[in-house]
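**Student:** My questions all concern the structure below.
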Amino acid sequence: METLDINVLDDIGYYGVTLKDVMSEYSREKETKGKAKKVRVSVNSYGGEVLEGLAIYNFIKGREEDTETNIVGYAISAGSFIALASNKVKMSDKGYFMIHNPWGATYGGADDMEGMALLLRSMTDEIAKIYVNKTGKSIEDIKSMMDAETWLSAEEALSHGFVDELTSGSEVMNYAKVDLTKFKNVPEKVRNIVNKNSEKMDAKKFAEHKVDVLNEVSTKIDDIKNTVTTMVEDKLKEIDPEKLTNTVKDSITSMKDEILTELKASLKDVVADQTKDQIDELKTSVDSMDQKIKDAETRVADIVAKIPGAPDPDDPNTKTPAENAFVRGAVAKVSNKSKY
């Protein structure tokens, strides 16, 4: 026999499971599986919005198919009465069931406050009737349990008539962040399980988030590289080879001037004290300066040699071979993307 599945495995309301979600899931199941005689409702919820919970309860209650609830972990607050919408209620032998009075908040004048109080009392009566119809207990007993915020183990929920059958299974964790401070009588076992599960989920979420962050950073780095490359290429297109060549010529002249100044300084020392050692040093210095000039010309040639549109290095009417080599080399260096 085909079974349609509906899942209520989160808080109740716009931040979790809504009536719209349940109806959509039911419709998808029918489209996929066709006509069925049974609907299975899996519940693991810490509760949430009362009105949304009542709407989900009414929807499940109104199904023409045979309905069965399986409380796989927790049925707390609004989750508890949703679980009772089915014809039969099963519960994991390691689960928990909790009932209490609905809460609410408002602001305004005395009439607003009184209106909220009337609404909460009305909600309490409606929810209490659901529990009474399921358990056969008196309305007074149920309201007393709701006033006390009663937490029931699976065995206790069975003995009080909230569930019809216990199933064997491991504890199912609600992975949502749960604020237990809003409840008054949370059993220590439940508190420990929730805290332990929250820690596990935090580690899992961190691992997943870390991967997302690394992927995002990698993507941004690639974007930056592409942007920089494009900017450099655009700037290269704007370079005037003639102006760059003149700039290089000025740099060569400046370097030669610096070398000449250094030579002159050395010559002054020689004139002051023309010893053989100083003359030898001067010769070495001259040789060194000559090599510096050659090295400088070679470096600049490498920078400028390949600028688009640069004068033909073989044309004797334009620049010297060395200057044209400088122009060609500059383009090769500047347009090399591997440098960025």
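The values are calculated or read from the model by the stated rules, or taken from the named source; none is laboratory data. Source: prediction; values computed, not measured. For neighbour counting, all protein chains shown are included, and Cβ atoms are generated from backbone atoms with ideal geometry for every residue, glycine included.
**Student:** Residues in the stretch 30-80 that are surrounded by fewer than 17 Cβ atoms within 10 Å (Cβ to Cβ) and on the phi > 0 side of the Ramachandran plot: how many?
**Tutor:** Qualifying residue count, the stretch 30-80: 1.
**Student:** What do you reckon, is R28 free of Cβ contacts under 8 Å to residues at least 12 places away in the same chain and basic (K, R)? Talk me through it step by step, then tell me what you get.
**Tutor:** Details: free of Cβ contacts under 8 Å to residues at least 12 places away in the same chain: yes; basic (K, R): yes.
So R28 fits the description; yes.
**Student:** Would you call I130 β-branched (V, I, T), farther than 13 Å from M98 by Cα, at pLDDT 95 or above and in contact with a Leu (Cβ under 8 Å, 6 or more places away or on another chain)? So that I can check it myself, show each step before the final result.
**Tutor:** On the way: β-branched (V, I, T): yes; farther than 13 Å from M98 by Cα: yes; at pLDDT 95 or above: yes; in contact with a Leu (Cβ under 8 Å, 6 or more places away or on another chain): yes.
Spelling it out, I130 is indeed β-branched (V, I, T), farther than 13 Å from M98 by Cα, at pLDDT 95 or above and in contact with a Leu (Cβ under 8 Å, 6 or more places away or on another chain).
**Student:** What are the residues in the stretch 84-133 that are among the acidic types (D, E) and within 18 Å of A154 (Cα to Cα), if any? Explain how you work it out, then say what you get.
**Tutor:** From the stretch 84-133, those among the acidic types (D, E) are 93, 111-112, 114, 125-126; that's our starting set.
Passing the criteria: only D93.
**Student:** Take the residues in the stretch 81-109 that are modelled with pLDDT under 95 and among the small types (G, A, S); name whichever of them is surrounded by the most Cβ atoms within 10 Å (Cβ to Cβ).
**Tutor:** Here the answer is G95.
**Student:** What number of residues within the stretch 44-69 satisfy the criterion of being modelled with pLDDT of 95 or more and within 18 Å of S92 (Cα to Cα)?
**Tutor:** 3
**Student:** Do we find that E52 is in contact with a Gly (Cβ under 6 Å, 6 or more places away or on another chain) and charged (D, E, K, R) in this structure? It would help to see each step written out before you state the result.
**Tutor:** Details: in contact with a Gly (Cβ under 6 Å, 6 or more places away or on another chain): yes; charged (D, E, K, R): yes.
Yes, satisfied.
**Student:** Please work out which one of (1) surrounded by 17 or more Cβ atoms within 10 Å (Cβ to Cβ); (2) assigned to a helix (DSSP H, G or I); (3) of a type outside the set (K, R); (4) in contact with an Asp or Glu (Cβ under 8 Å, 6 or more places away or on another chain) is the condition L4 fails and give its number.
**Tutor:** (2)
**Student:** Condition test on M116, is it touching a Pro at 6+ places or on another chain (Cβ under 9 Å) and within 20 Å of G13 (Cα to Cα)?
**Tutor:** Details: touching a Pro at 6+ places or on another chain (Cβ under 9 Å): no; within 20 Å of G13 (Cα to Cα): yes.
No: the conditions fail for M116.
**Student:** Is there a residue in the stretch 125-135 that is out of contact with any helix residue (DSSP H, G or I) (no Cβ under 9 Å at 6 or more places or on another chain), among the hydroxyl-bearing types (S, T, Y) and over 17 Å from V8 (Cβ atoms)?
**Tutor:** No, the stretch 125-135 contains no residue that is out of contact with any helix residue (DSSP H, G or I) (no Cβ under 9 Å at 6 or more places or on another chain), among the hydroxyl-bearing types (S, T, Y) and over 17 Å from V8 (Cβ atoms).
**Student:** Follow-up. Are there helices (runs of 4 or more DSSP H) fully within the stretch 27-142 with at least 2 residues that are in the same structural domain as A154 (by TED's automatic domain parsing) and over 39 Å from the mean Cα position of the chain (by Cα)? List them.
**Tutor:** Here the list reads 110-135.
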